[in-house]
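Trainee: Before I ask anything, let me first share the structure, which is written out below as structure tokens.
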Amino acid sequence: MIKAVATTLLALAMLQGCASVGTLDAAKPGAPLIYSGTRLDWYSLNGGCCPVDKFGAEPPRYPAIDLPASALLDTLLLPFAVAAELGVGLGVTGGY
């Protein structure tokens, strides 16, 4: 039980700095959508100069640690990212 709570808390803490969440939340026109978080991590690991201009979000503090989690989340969200890139409306709404 304690292990599950600790794992959940760690996962929630990592989502705060997750590159995938940051790039999806940025909604910058012209920013990459497909594997955006993974690409942001890779960009910052290779010394990219201006991540906010390219991706609309700051990279996480530790991109090497975030890279596997972003790759997994980007893979899970791939169908939605491809649909958005192609301009296909999925009719998904949220909120009230």
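The values are calculated or read from the model by the stated rules, or taken from the named source; none is laboratory data. As the structure is a computational prediction, the values presented were derived from the model and not from experiment. Backbone-built Cβ (ideal geometry, glycine too); neighbour counts: all protein chains shown.
Trainee: Among the residues of the range 20-44, count how many are surrounded by 14 or more Cβ atoms within 10 Å (Cβ to Cβ) and either basic (Lys, Arg) or part of a helix (DSSP H, G or I) (or both).
Mentor: Going through the range 20-44 one residue at a time, the tally reaches 16.
Trainee: Here is a further query. Please go through the range 61-96 and give me each residue that is of a type outside the set (S, T, N, Q), modelled with pLDDT under 85 and not in a helix (DSSP H, G or I), ordered by number.
Mentor: ARG61, GLY87, VAL88, GLY89, LEU90, GLY91, VAL92, GLY94, GLY95, TYR96, listed by residue number.
Trainee: A follow-up question, please. Considering each residue of the range 35-77, count those that are touching a helix residue (DSSP H, G or I) at 6+ places or on another chain (Cβ under 8 Å) and on the phi > 0 side of the Ramachandran plot, and give that number.
Mentor: 2
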